[in-house]
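Undergrad: First the structure, which I've put down as structure tokens, then a few questions once you've had a look.
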Amino acid sequence: MKTFSNTARSILQPVAGAACVLLMAAAADAQTITLGESNATTLRGGSYASTNFSDEKVLETRASSDPLYIRRALMKFDTHTTIAQGTSIASAKLTVTVAGGNSQSRTLSAYGVISSYDELAATWNSRNASTRWSKAGGDINSRYASATITNRAGSKVTFDVTALVRAVVRGDFGTRYTRIALLDQGAASHDSYKTIHSDDATTASNRPILTVTLGTAPSSPSSSTAPTSSSLLRVLQYNTHHGGYGTDGRYDTNRLANWIVKMKPDVVLLNEIEKYTGWGNQNQPEVYKSLLQSKTGKTWYYLFAQEFGDWSSNGKGNLILSTKPFNSTERHELTYNSDRSIAQAAITWNGRPITFLLTHLDPDSQSLRLKQATEVTTRAASESENKILTGDMNAWPDQTSIAQFIKTFNDSWAVAASKGTAYAFSGNSGETKSGRIDYIFYSRGSKNLAVKSSQVYDTRDSNGVMPSDHRPVLTVFEVK
């Protein structure tokens, strides 16, 4: 049921068995919808993994290394029937009210949940009475917001989930219900435990609400959702050989950065970036961010995924750099071989959401590469369109791991070649090392990405020296 008001007053009308909705016409070009039915429950692990907590008056969060004590708050708001598909969203904010908890101030993160669930049956293991989550603890995808929470009863905590609601209303996830999980991903601690009022709270004003303002968001050059000046997106994939060791054996980050800048990329995806290791002994993610900013005059944003999955530690990993701020980021450690990971970051380009996934497959075992490729594509399948997947795959196009990618992704070089717009140089037909092993894929389900061209660059100097033992490949996409 919807309640509409043409006054500037906030009139909240709870309706049994239906969403609690307010529409406030605050201005001719901006309306605010407040959703007050959150279908909320707590997901708890360990021996409680099959227990449903939907009748509780509070939701709980806690970080713990013991599965018995892990807790996550799950909620769902009806943006499906209350907001028409494609409606412009200026802002969306989730507000919850603290009920209590233990002493530490904590950071909670708001994640999107990609699978539907039954509030009365959802548990840590299952999303309804007959179907398990694809991953225990809820099918979460990207992190959209973070906020600090204390144990001060009655205090309000707000999460800016504008990017999530925009994606939902566009229809990026199929059904257009906004599903959110609140997670404490900090260090395990007894004092991390927090409670917030649920939609069954006795006092209505303490219940979670999602406030959505309709209309056009103000444009800003720094806004991650502002349209770009061009529909063309230049994507560069490059294995850097430990962050800048050339074929002459010399470590030179400036030399490699100069080549990156020459290719004028908008998004750069780099393998074998080192953070305070024996290869250069520098914080290379920061080094390359600084070099690109000084050489282009632009602000660059980055995500580094250490390959062993210890995200805060030093080591070798995958680095995504972008001229647009990230809407969300994720990092995933691959199950097969403990020194491989995925860096994942989403941006908005020309008004379209684009998720980048960067990985680096095993160099020695074809069977292991196939397992890793399968895991990567399974991970990518849960993400919304549009998707670009790149990396040093250590495999030629005729190998099984590449065939696994091709099931759901297009090979941008092959597409460009079929159009006569794949370019290399004399004696090279797309080889990035001893064959074509570095790839820029894009999802077959994307309706907004079209390949304009792809190019493997000749980075040799007058002495035949390259800044890495790989050659870079760059694809130009039209984002429609």
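The values are calculated or read from the model by the stated rules, or taken from the named source; none is laboratory data. Since the structure is predicted, the reported quantities are computational estimates derived from the model, not experimental observations. In this analysis, Cβ positions are derived from the backbone assuming ideal geometry, glycine residues included, and neighbour counts consider all displayed protein chains.
Undergrad: Can you tell me which of ILE320, ILE347 is free of Cβ contacts under 8 Å to residues at least 60 places away in the same chain, out of contact with any helix residue (DSSP H, G or I) (no Cβ under 8 Å at 6 or more places or on another chain) and farther than 16 Å from ALA373 by Cα?
TA: ILE320
Undergrad: Return the residues of the stretch 98-127 that are free of Cβ contacts under 8 Å to residues at least 60 places away in the same chain and within 18 Å of PHE53 (Cα to Cα); say none if nothing qualifies.
TA: ASP118, ARG127
Undergrad: Tell me which residues, restricted to the stretch 153-203, are farther than 18 Å from LEU74 by Cα and of a type in the set (Lys, Arg).
TA: The answer is ARG166, ARG170.
Yes/no matrix, rows are residues, columns are (1) under 16 Å from GLY244 (Cα atoms); (2) outside the structural domain of GLY249 (by TED's automatic domain parsing); (3) part of a strand (DSSP E or B); (4) basic (Lys, Arg):
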residue: SER418; (1), (2), (3), (4): no, no, no, no
residue: GLY430; (1), (2), (3), (4): no, no, no, no
residue: PHE441; (1), (2), (3), (4): no, no, yes, no
residue: LYS447; (1), (2), (3), (4): no, no, no, yes
residue: SER453; (1), (2), (3), (4): no, no, yes, no
residue: VAL465; (1), (2), (3), (4): yes, no, no, no
residue: SER468; (1), (2), (3), (4): yes, no, no, no
residue: ARG471; (1), (2), (3), (4): yes, no, no, yes
residue: LEU474; (1), (2), (3), (4): no, no, yes, no
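Undergrad: Return yes or no: is GLU383 part of a strand (DSSP E or B), under 26 Å from VAL451 (Cα atoms) and at pLDDT below 90?
TA: No: the conditions fail for GLU383.
Undergrad: Are any of the residues in the stretch 17-33 modelled with pLDDT of 85 or more and either part of a loop (DSSP other than H, G, I, E, B) or among the hydrophobic types (A, V, I, L, M, F, W, C) (or both)?
TA: Yes, the stretch 17-33 contains at least one residue that is modelled with pLDDT of 85 or more and either part of a loop (DSSP other than H, G, I, E, B) or among the hydrophobic types (A, V, I, L, M, F, W, C) (or both).
Undergrad: Within the stretch 33-64, which residues are under 24 Å from the mean Cα position of the chain (by Cα) and among the small types (Gly, Ala, Ser)?
TA: SER38, ALA40, ALA63, SER64
Undergrad: Output the residues belonging to the stretch 279-319 that are among the acidic types (Asp, Glu) and crowded, with 17+ Cβ neighbours inside 10 Å.
TA: GLU307
Undergrad: Turning to a different aspect of this structure: Can you say whether ALA90 is at pLDDT 50 or above and more than 30 Å from ARG132 (Cα to Cα), as far as the supplied structure shows?
TA: When the stated conditions are applied, ALA90 passes them.
Undergrad: Here's something else I'd like to know. Would you check if there is a residue in the stretch 369-376 being of a type in the set (Gly, Ala, Ser) and in contact with an Asp or Glu (Cβ under 9 Å, 6 or more places away or on another chain)?
TA: no
Undergrad: Pick out, from the stretch 269-374, the strands (runs of 3 or more DSSP E) lying fully within it that include 3 or more residues that are within 29 Å of ARG255 (Cβ to Cβ) and of a type in the set (A, V, I, L, M).
TA: So the answer is 315-322, 341-349.
Undergrad: Mind telling me which of the residues LEU303, LEU292, LEU368, LEU334 ends up being among the hydrophobic types (A, V, I, L, M, F, W, C), modelled with pLDDT of 95 or more and not assigned by TED's automatic domain parsing to the domain that holds LYS135?
TA: Of the residues listed, the single one that is among the hydrophobic types (A, V, I, L, M, F, W, C), modelled with pLDDT of 95 or more and not assigned by TED's automatic domain parsing to the domain that holds LYS135 is LEU292.
So that you can scan it fast, the table gives a plain yes or no per residue for (1) more than 26 Å from GLU286 (Cα to Cα); (2) in contact with an Asp or Glu (Cβ under 9 Å, 6 or more places away or on another chain); (3) of a type outside the set (Ser, Thr, Tyr):
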| residue | (1), (2), (3) |
| --- | --- |
| ASP310 | no, yes, yes |
| ARG340 | no, yes, yes |
| ALA346 | no, yes, yes |
| TRP349 | no, yes, yes |
| HIS360 | no, yes, yes |
| SER382 | yes, yes, no |
| ILE388 | no, no, yes |
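Undergrad: So in the stretch 320-336, with the set limited to residues that are hydroxyl-bearing (Ser, Thr, Tyr) and under 19 Å from ASP362 (Cβ atoms), which one is surrounded by the most Cβ atoms within 10 Å (Cβ to Cβ)?
TA: Filtering first and then ranking leaves TYR336.
Undergrad: OK, next. Take the conditions surrounded by 21 or more Cβ atoms within 10 Å (Cβ to Cβ) and of a type in the set (A, V, I, L, M, F, W, C) and apply them to ALA49. Does it pass?
TA: no
Undergrad: Right, another one. Take the residues in the stretch 103-123 that are within 25 Å of the chain's Cα centre (by Cα) and of a type in the set (Gly, Ala, Ser), then tell me which one is surrounded by the most Cβ atoms within 10 Å (Cβ to Cβ).
TA: Of everything passing the filter in the stretch 103-123, ALA122 is surrounded by the most Cβ atoms within 10 Å (Cβ to Cβ).
Undergrad: Say we look at the stretch 196-208 and pick out the residues that are hydroxyl-bearing (Ser, Thr, Tyr) and in contact with a Lys or Arg (Cβ under 9 Å, 6 or more places away or on another chain); which of these is nearest to SER103 (Cα to Cα)?
TA: Going through the qualifying residues, I end up with SER198.
Undergrad: Only one of these is over 21 Å from LEU232 (Cα atoms) and in contact with a strand residue (DSSP E or B) (Cβ under 7 Å, 6 or more places away or on another chain): LEU270, LEU321, LEU292, LEU303. Name it.
TA: LEU303
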